[in-house]
Amino acid sequence: MNRKPEPCYTCRNRRIQCDQSGVPCRKCQNAGLECLDQRPLRWVKGVAIRGKMQGRSFEKNEKDSSKLKSNNKVSAIQRSVTRAKPASVSPQPSLDFNDNERICKLFIVYDSDKNPFRSLIPMGIQNPVLLKALLALAARHHVNTGQSFENPELSTAPGFINAHRDALSLKHQAMEALSQSLRGSQSCNQDTTVASIFLLIFLDLIESGSDGWNFHLEGAKKLIASTYPQFENQAGINQGPGETLQEIRGFITRQIYLIETLGAAFSRPKLLTQSSLFDQEEMQLHETVEKSFLGCPEYILTAIQCFSSHRDSITASTPLDSTAVTSHLSDTESLLDLLQNFDDYTWASNVQSSRDSSPQDISNLCMLSQAYKIGALIYGRRILDALTQTESVQDHSVSELLGLINSLKDDPALFKCILWPVFVAGLECKWQAQRDFLIGCLERFWSLTSCLNGVNAAKILQEYWQQADLSHNPQSQWIFNIGNLGRDWLWI
């Protein structure tokens with residue numbers, strides 16, 4: 001008699017119920033993970049696997065020395081927060097070097113020595129606000145890691161409950177420190193305050209993807225507008241290994257623009273204020289994949305921002321007259337043509353020029369750009385439909401977008417950047433097989449990022465599909481009503 005396969009080690013280690021469907025099991029296959037039947041052997045470098053000699057070896061080289069310095073900086077941060085915490089606060093979680101490493105790798109396309117997040121860590125040693133924001137971010141990500149896609153917040157394990165409590169404590173400390181900093185009569189370091197707000201936006205992605213990001217975003221934009229002009233002549237101040245203060249400002253400003261642009265597309269019209277902080281042409285000139293959060297070309301972001309502006313005009317309390325409709329119609333059509341002609345391969349080749357990139361790296365980055373471009377084209381055409389009161393068929397574009405998403409599933413660095421195009425595809429797909437594929441993609445996204453906005457994206461899409469199947473609303477209406485599905489969500 002054939003025995004049913006035992007639950008695999010991978011599922012047991014992830015604390016989820018294995019379906020025992022075979023080797024690999026379906027849950028490992030959907031998550032893109034190796035399905036192991038038993039705990040793998042772990043080879044470690046050094047003379048000991050734990051204790052003071054962990055990772056130490058008798059061979060000294062520059063790389064080991066550099067890593068030791070990074071560990072010392074992280075340890076200094078942990079010692080600082082322990083000294084600074086009030087007696088009433090519960091003990092801090094044990095965050096190790098790997099927690100900070102994961103955060104550095106998560107919010108950048110390709111991790112490297114030029115990763116701006118690595119410059120924020122040593123800056124935190126000198127600033128309590130930034131320090132607490134960094135620790136809150138790492139603590140929440142530590143809580144999420146290893147939880148199930150189906151019910152990531154329902155674990156009753158004592159370790160999970162304690163870690164969850166500690167993460168909430170650190171978030172409370174970070175918010176209190178930020179509030180005190182903003183209430184101060186003089187702020188000695190507005191740059192670290194802006195950086196702290198920026199990190200709290202990412203904390204919202206890890207916690208849920210809703211309710212906090214837009215408030216943090218608006219606050220950061222106001223602080224940038226009031227702070228950065230007075231620092232124009234201080235571009236050469238060194239604030240971290242390999243990064244100047246001006247470079248960190250540039251990185252944060254570009255990512256704030258990205259969050260504002262992609263967030264506005266799926267939120268209520270006019271939820272976010274129009275900002276004049278960002279010079280798109282200047283950002284395109286300094287575009288580099290090594291300092292990019294998502295790898296979406298600035299050119300495409302500009303197009304998406306323009307589309308959202310036209311959508312907001314349509315929803316204005318005063319109806320558009322015929323002249324205004326004609327103007328918006330002409331602008332949208334021209335923008336769609338320009339976007340369609342955007343050369344993804346040339347862009348990918350140029351932004352990869354500073355890296356030792358293989359042809360496959362360039363090809364994959366090109367596909368990521370194409371995924372954002374097709375998502376933006378679908379979005380723009382739905383706005384054109386609203387202006388012309390028609391409904392275009394986008395089945396071909398949706399199929400092409402699904403193909404690109406599927407092609408990137410085996411590239412973890414790029415697949416973690418693809419939530420926005422996945423959500424666009426989800427709003428347009430009509431067939432159950434397409435929907436099942438996208439839910440599998442969102443589970444893969446969760447396994448790579450441990451960001452709860454990916455889990456919530458799956459829930460929101462499933463609610464939307466249920467409503468769409470029962471209603472007879474035009475397909476193009478999602479550009480207006482998606483922001484009314486509960487809270488304000490950020491799908492990045």
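The values are calculated or read from the model by the stated rules, or taken from the named source; none is laboratory data. If you're wondering where the values come from, they're calculated on a predicted model, not measured in any experiment. Ideal geometry is used to build each Cβ from the backbone, glycine not excepted, and the neighbour counts take in all protein chains shown.
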Does any residue of the range 205-213 turn out to be at pLDDT 90 or above and β-branched (Val, Ile, Thr)?
yes
Reported set for the range 317-353 where residues are surrounded by 19 or more Cβ atoms within 10 Å (Cβ to Cβ) and modelled with pLDDT under 90 is VAL351, GLN352
Any chance ILE378 is in contact with a helix residue (DSSP H, G or I) (Cβ under 7 Å, 6 or more places away or on another chain), under 18 Å from ILE304 (Cα atoms) and of a type in the set (A, V, I, L, M):
yes
Complete set of residues in the range 441-492 that are of a type in the set (S, T, N, Q) and part of a helix (DSSP H, G or I):
SER447, THR449, ASN453, ASN456, GLN462, GLN466, GLN467, GLN475, SER476, GLN477, ASN481, ASN484
Please specify each residue of the range 433-463 satisfying the condition of being under 15 Å from VAL398 (Cα atoms) and either of a type in the set (Lys, Arg) or at pLDDT below 95 (or both).
ARG435
The conditions are (1) farther than 23 Å from SER397 by Cβ; (2) modelled with pLDDT under 95, and PRO474 fails exactly one of them. Which is it?
(1)
Subset of the range 184-204 that is of a type in the set (Gly, Ala, Ser) and over 18 Å from ARG254 (Cβ atoms) - its residue that is modelled with the lowest pLDDT:
SER185
Of the residues ALA163, ALA157, only one is out of contact with any helix residue (DSSP H, G or I) (no Cβ under 7 Å at 6 or more places or on another chain), over 20 Å from ILE197 (Cα atoms) and among the small types (Gly, Ala, Ser); which?
ALA157
Could you check the range 104-123 and list, in sequence order, the residues that are more than 28 Å from TRP491 (Cβ to Cβ) and crowded, with 20+ Cβ neighbours inside 10 Å?
MET123
Number of the exception - THR390 against (1) more than 29 Å from GLU153 (Cβ to Cβ); (2) in a helix (DSSP H, G or I):
(2)
Residues being without any contact (Cβ under 8 Å) to a residue 60 or more places away in the chain and surrounded by 18 or more Cβ atoms within 10 Å (Cβ to Cβ): count how many of those fall in the range 389-410.
7
Applying the selection to the range 293-316, what residues are modelled with pLDDT of 95 or more and of a type in the set (Val, Ile, Thr)?
ILE300, ILE304
